[in-house]
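What follows draws every value from the coordinates through simple rules; no lab data is involved. Just so it is clear, the model here is predicted, and its values are computed rather than measured. Note that we place each Cβ from the backbone using ideal geometry, even for glycine, and neighbour counts take in every protein chain shown.
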Amino acid sequence: MSEISLRPANPADAALILDLLRELAEYEKLLDNFHLTEAIISRDMLGPEAVCKCDILFVGGEPAGITTWFWIYKSFRAARGIFLEDLYVRPEFRGRKLGKLLLANLARRAHAADGYVEWQVLDWNTPSIDFYAGIGAELKPEWITCRLDHGALAEMAS
């Protein structure tokens with residue numbers, strides 16, 4: 001397999017982030033709701049007051065995938081967590097466990113904070129649902145909310 005690298009996005013990545021997230025919106029049939037621009041990415045994901053973090057995955061120097069995420073807090077649980085807003089691996093790079101690598105990166109961060117990872121998946125997205133169930137995520141009804149914590153979080157983080 002080609003060299004794999006994962007790094008936090010930097011200001012020069014705004015156009016790439018836009019391309020990757022547009023591809024994800026197209027896959028999810030949500031282009032009508034896609035209003036992201038490079039300026040918004042620069043402000044919300046890359047600027048000094050960014051509310052969302054972004055990591056980009058490369059295979060052999062080619063952009064292969066992305067996660068966007070942010071810290072959340074569950075007051076009743078008194079627990080800090082990561083909300084995974086977007087996880088996308090380009091079709092030509094799928095089947096190489098890169099999605100699991102992206103999730104494991106977040107799982108390590110959440111595990112270090114004694115927290116959890118949570119996300120949602122569209123209820124028609126069977127390949128993603130099967131993938132998430134296969135790594136031990138708890139699946140919730142409707143806009144399925146998934147959480148990776150406790151034993152499954154520790155396993156993913158290792």
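When the Gaussian network model of the chain links Cα atoms closer than 10 Å, the mean-square fluctuations of E138, E62, E38 top out at E62.
The mean sequence distance of close C-alpha pairs (under 8 Å, at least 6 residues apart), as a share of the length of the stretch 4-157, puts its relative contact order at 17 percent. The value of relative contact order for the stretch 61-111, using C-alpha pairs under 8 Å at least six residues apart, is 34 percent. Give the residue from P11, L106, N33 lying farthest towards the positive end of the charge dipole for the chain; charges sit on Cβ (+1 for Lys and Arg, -1 for Asp and Glu) and the dipole is referred to the Cα centre. The residue sitting most towards the positive pole is L106.
Counting only Cβ charges, +1 for Lys and Arg and -1 for Asp and Glu, the dipole size of the stretch 89-142 around its Cα centre is about 400 debye.
Taking other Cβ atoms within 10 Å as a rough exposure proxy, S42, S5 sort from fewest to most as S5, S42. Net charge dipole, the stretch 4-157: roughly 520 debye, given to the nearest 20, about the Cα centre with Cβ charges of +1 for Lys and Arg and -1 for Asp and Glu.
For the stretch 41-147, the residue among I66, F76, L122 whose Cα projects farthest onto the positive side of the dipole built from Cβ charges is F76.
For the stretch 1-49, the relative contact order works out to 46 percent when only alpha carbon pairs closer than 8 Å and six or more residues apart are counted. In this Cβ point-charge picture (+1 for Lys and Arg, -1 for Asp and Glu), the stretch 52-143 has a dipole of about 340 debye about its Cα centre. Lysine pairs in the chain whose alpha-carbon atoms fall under 24 angstrom of each other, counting only those eight or more residues apart or on distinct chains, come to 10.
Length available on full extension from E92 to A113: 0.36 nm per residue minus the Cα-Cα distance, which gives 4.2 nm. Spin-label model, T37/F70: points 7 Å from Cα along the beta carbon direction are separated by 1.9 nm.
Annotation: the residues L98, L36, sorted from fewest to most other C-beta atoms within 10 Å of their own C-beta, follow the order L36, L98.
Averaging 1/r over every pair of different alpha carbons in the stretch 19-147 and inverting the result gives a Kirkwood radius of 15.6 Å.
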